[in-house]
Amino acid sequence: MALNVQAIRGMNDLLPEDTFVWQQVEKVLRDTVNSYGFSEIRMPIVESTHLFSRAIGEVTDVVEKEMYTFEDRSGDSLSLRPEGTAGCVRACLEHNLIYNQEQRLWYMGPMFRHERPQKGRYRQFHQLGLEAFGLEGPDIDAQLIELSYSIFKKLGIADNLTLQLNTLGSSEERAEYKKELVAFLEKNFDSLDEDSKRRTHTNPLRVLDSKDEKVQALLKDAPKLSSYFKEETRSHFEKLRAILEALNINYEINENLVRGLDYYNLTVFEWVTKDLGAQGTVCGGGRYDGLVSQLGGSETKAVGFAIGLERLVLLLTTLNKLDTTKTNDIYVLGMGENIEVHLAKVSSYLRNSLNNVKVFTHCGGGNFKKQFKKADKTNTKVAIILGDEEIKENKVTIKNMFDKDAEQVTVSLEDSIDIINNILNK
Ligand code: HAM
């Protein structure tokens, strides 16, 4: 009987045509974060469940409904990471990376959330995350936003993204505000949708970003968090805005932007697009000054963000911003006695002598016609051909596959390098 096994719903294979595109995007991301002086950290994909419930919040959607949680063989409750911030803080505490010192870190990898899959929303997805520790001013908030903006600019999609910005103030300011907000929501309880009713007493701030139109209309008359802000919050936000304005980064203030994870305070932001339908948030982040101490460390200021790579790639594809034509630099082919040995030797010489060049060695024999057909199929720029003459005289024939009028030349292996470089760099 055939084994009828398919990938888990919402978890996607990335096929060679996808990885070709992903690698280009990942290179831009890596080059950018490195150019800002951030260092890479790699955390495990599985952590103790209580790390996430503690960090993200017991009554968030992520912890309540979306985690992949299981008991391992020792009876410990473990979860696949739904995001990277919690694990990053855990690793920093465990290895003493942030005690009395600043750290600027990044990570890239898969995250897991059991959400209803749709375009742009998956159960396994990938994030590039950045976290900066030990810095309290709005300058680092602005730098992170500028870094995300520079990624979008380099990829040619900045014009299709809007920066939404808000400040959530301090936990004291939010506690004061929550009392008034809950009173308002209770007064209008019957007009709330089921989700907002539930959240009124568990996580009232989340009602602010309800997708329900009736609730949004009602919220126009709701009390505003901003009227509870004191000097410190106001000045942090004003300075952040001033830096962004000086950098010519446009933003929209969205007072209903509260983010879905509980650890945020002060600055929060998202980059959103209209080009992806319902799942238009490509990047989100903000400050989380309370998280390190909440997880057992000493008080450490922190701020970060994460970009969803599937949404980034989807947007790039939708806007036609990616190079999708895969090319091959060199195809080494030939016929003759002991040809396998000669092809292997020549290919190895070329790989060692040419920098960053893809050398594809023909395998499996066959006549010249068949071999050239394969070279064409892989979109090859240069064919290196070996026949009886070449083998006897220790030479190779070079054919420019992208210029059918160019003459073939037969030269020694040493002399071939400059000629190949000339063709490839044209
Ligand atoms: P988040 O807003 O939950 O924040 O996720 C960040 C980004 O990951 C989203 O804007 C979205 O692009 C992508 N994403 C989230 N869920 C899915 C999904 N199911 N399918 C596809 N993409 C998804 C965080 O995770 C925070 N840890 C960000 C952060 C870092 N805050 C401070 N430091």
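The values are calculated or read from the model by the stated rules, or taken from the named source; none is laboratory data. What you see is a predicted model; the values in this text were computed from it and never measured. No Cβ is skipped: glycine too gets one built from the backbone with ideal geometry, and neighbour counts run over all protein chains shown. To get the accessible areas, we keep the full protein, side chains included, count just its heavy atoms, and leave off ligands, DNA and RNA. Shrake-Rupley method; radii C 1.70, N 1.55, O 1.52, S 1.80 Å.
Observations on the structure shown:
- The residues of segment 248-302 that are modelled with pLDDT under 95 and small (Gly, Ala, Ser), listed by number, are GLY260, GLY277, ALA278.
- Test for THR325: is it buried (at least 20 other Cβ atoms within 10 Å of the Cβ) and either near the ligand (Cβ under 10 Å from one of its atoms) or part of a loop (DSSP other than H, G, I, E, B) (or both): no
- Being more than 14 Å from the ligand (Cβ to nearest atom), touching a helix residue (DSSP H, G or I) at 6+ places or on another chain (Cβ under 8 Å) and among the hydrophobic types (A, V, I, L, M, F, W, C) is not true of LEU312.
- In segment 141-148 there is no residue matching the filter, namely being at pLDDT 95 or above, away from the ligand (no atom under 13 Å from the Cβ), over 20 Å from GLY286 (Cβ atoms) and open to solvent by 40 Å² or more (accessible area, probe 1.4 Å).
- Filtered by the rule that a residue be part of a helix (DSSP H, G or I), polar (S, T, N, Q) and over 18 Å from the mean Cα position of the chain (by Cα), segment 280-322 gives SER293, GLN294.
- Selected residue [in a loop (DSSP other than H, G, I, E, B), more than 12 Å from the ligand (Cβ to nearest atom) and closer than 27 Å to ASN203 by Cα] from GLU58, GLU83: GLU58
- Each residue in segment 91-113 was checked for being part of a loop (DSSP other than H, G, I, E, B), more than 9 Å from the ligand (Cβ to nearest atom) and either open to solvent by 60 Å² or more (accessible area, probe 1.4 Å) or within 21 Å of LEU314 (Cβ to Cβ) (or both), and 6 of them qualify.
- Residue satisfying condition, being among the β-branched types (Val, Ile, Thr) and closer than 30 Å to ARG81 by Cβ, within set THR324, THR378, THR361, THR317: THR317
- Against the numbered list (1) farther than 24 Å from GLU94 by Cβ; (2) free of Cβ contacts under 8 Å to residues at least 60 places away in the same chain; (3) of a type outside the set (Gly, Ala, Ser); (4) away from the ligand (no atom under 16 Å from the Cβ), GLN24 comes up short only at (2).
- Strands (runs of 3 or more DSSP E) fully within segment 328-426 counting 3 or more residues that are within 35 Å of the chain's Cα centre (by Cα): 328-334, 359-361, 380-386
- Only one entry of ARG174, ARG123 meets the criterion of being open to solvent by 10 Å² or more (accessible area, probe 1.4 Å), of a type in the set (D, E, K, R) and within 14 Å of the ligand (Cβ to nearest atom), and that entry is ARG123.
- Sole residue being more than 12 Å from the ligand (Cβ to nearest atom), farther than 30 Å from ILE398 by Cβ and touching a helix residue (DSSP H, G or I) at 6+ places or on another chain (Cβ under 6 Å), chosen from THR273, THR318, THR300, THR267: THR300
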